[in-house]
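The values are calculated or read from the model by the stated rules, or taken from the named source; none is laboratory data. What you see is a predicted model; the values in this text were computed from it and never measured. All Cβ positions, even for glycine, are placed from backbone atoms using ideal geometry, and neighbour counts span all protein chains on display.
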Amino acid sequence: MDGDKFTELAALHAINALDGEELQMFEQYLRTASEAERRELQELKDVWATLPLALPPTVPPSHLKARLMDRISEEVTGQDASPKVVEFSLRQKSRGLFGFFSWQPAFGLLTAATFLLAITSGMLLWHSSRVARERDQLAQQVAELSRLNIATQKQLDDLVTQTTKFISLSGKEAPTANAKVFWDTTRNEWVVYIFNLPAAPPDKDYQLWYVTSDQQKISAKVFGTDAKGRTELRIALPQNVAPRLAATAVTLEPKGGSAQPTSGLYLVGAIGA
Amino acid sequence: MKDANLSNLPQFDAADESQLIRRLQARDQAAMNALYERYANVVYAVAIRIVGQTAEAEDVVVDCFWQVWQQAANYDTSRGQLRTWIVTIARSRALDRLRAMRRAPVVSVEDELLRVAEAKATDNPEQETWLSQQSAQIHRALATLPREQRQALALAYYRGLSQSEIAEQLGEPLGTIKTRIRLGMMKLREQLQSLRTP
């Protein structure tokens, strides 16, 4: 590899911008690169790491340092507890019989102290392992919450975009019920959240309808609800319906749904421009 | 305010840093405390610029120093400067967060290097007195780069984009982006030579 080519690839590698085959090729080349070439790459990395110093220094909140140092102290304490006891015991054994007779009075005290230390250390170890277990459980919970948070954020991002229309539904047949429709007009998808519908009789189902500007009623979905009258529906809007939509409504229909609405409106919402 | 900024900027003394890393390798918590005092502002600034949210940036700071503590034993002083290592970790952890958030940062950083350079590249002596000499030198160096070079470097630094992604984002041929990055880095290396020699 000639000098210019090396410099170009080193500059890209130093800033982690090299990709694809060039990255593989360059990293392979580095295994046999000269000392001067390695130094050049390191210099470029140092330059790269220097750039943030151009940012105005930003003072982090004071509690952060305490958080970090607590974490470090916990780790250090956890590592130190056990070995100290072992080391102490070994020293006692190495004294031998002579040491035992010549230090008999002190030995009693030392034995008691060792015993006490062993019990205390045992308790500490037990406590430490319990804390470790709890910490692991918490870490799992945090990971799960983080996953849920990401999923929720994605759901929100999907729901609320610049091209999202929002439709609110309510109705006379079920005054306490309501529904919200989020319409992604780019992908023509609906996400419908329904709340507090009365429980449908065993031989009935709820049915969601598209109502067009020329008063056609087109079935969108037959659905049931949970015990609290809630459900969530995801519906792909037919392309030939979307431009003509004037409203959407929910009725109570015979099991399996109807070709046309046969009951009053449990929920209805007009669709604005 | 000015004094605080000045004192919070890292100073680079090779012997001092070598001693610090040796103490870290010996699991000296006081050394970790000193290291935090020295670099937390820079690490936090990088994290904020990349993730754009204070809560996330705070996690990045803790993760970064925790990684330093965990990996100090394996740190090889011959591989480069301590600040290079720490800032590299900070940037990596921040970019990990950004990717996990699956969204662009709230603060627009596309042209962050450009903005910083234009805002600070000044001969105003008063400003020079409170910006550290090093910081001012970096500002001046950045200001000498053409805007296109700074833009390509900023996208790599704050978004973690590869050369192909930068080319796609800017709608430029890949070869053009390579050239901009190479020229930009060469110029910065030349101008910041004194900073690289502790």
(message) Here's a check for you: in segment A:233-267, which residue that is β-branched (Val, Ile, Thr) and within 17 Å of residue A:214 (Cβ to Cβ) is nearest to the chain's Cα centre (by Cα)?
(response) A:248
(message) more than 10 Å from chain A (Cβ to nearest Cβ), at pLDDT 85 or above and touching a helix residue (DSSP H, G or I) at 6+ places or on another chain (Cβ under 6 Å): is that true of residue B:23 in this structure?
(response) yes
(message) Condition first: surrounded by fewer than 19 Cβ atoms within 10 Å (Cβ to Cβ) and either within 25 Å of residue B:57 (Cβ to Cβ) or of a type in the set (Lys, Arg) (or both). Now tell me which residues in segment B:22-44 satisfy that.
(response) B:22, B:23, B:27, B:29, B:33, B:34, B:37
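Could you look through segment A:63-86, keep only residues that are farther than 16 Å from residue A:135 by Cβ and at the interface with another protein chain (Cβ under 10 Å from one of its Cβ atoms), and pick out the one that is modelled with the lowest pLDDT?
This residue is A:80.
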(request) Write out, first by first residue and then by second, each pair whose Cβ atoms fall under 6 Å of each other, whose residues are 6+ apart or on separate chains, and whose first residue, in segment A:123-151, is more than 22 Å from residue B:96 (Cα to Cα) while the second is at pLDDT below 70 and among the charged types (D, E, K, R). (result) none
(message) Anything in segment B:164-198 that is on the phi < 0 side of the Ramachandran plot, of a type outside the set (A, V, I, L, M) and not in a helix (DSSP H, G or I)? List them, or say none.
(response) B:172, B:173, B:197, B:198
(message) Any residue that is in contact (Cβ under 8 Å) with a residue 60 or more places away in the chain, in a helix (DSSP H, G or I), at the interface with chain A (Cβ under 7 Å from one of its Cβ atoms) and surrounded by 16 or more Cβ atoms within 10 Å (Cβ to Cβ) - is there at least one of those in segment B:153-163?
(response) yes
(request) For residues that are β-branched (Val, Ile, Thr) and under 16 Å from the mean Cα position of the chain (by Cα), scanning just segment B:50-67, find the one that is nearest to the other protein chains (Cβ to nearest Cβ). (result) B:61
(request) Among the numbered conditions (1) closer than 20 Å to residue A:175 by Cβ; (2) in contact with a helix residue (DSSP H, G or I) (Cβ under 9 Å, 6 or more places away or on another chain), tell me where residue A:225 comes up short. (result) (2)
(request) Just one of (1) over 26 Å from residue B:62 (Cα atoms); (2) crowded, with 20+ Cβ neighbours inside 10 Å; (3) not hydrophobic (A, V, I, L, M, F, W, C) trips up residue A:60, so point out which. (result) (1)
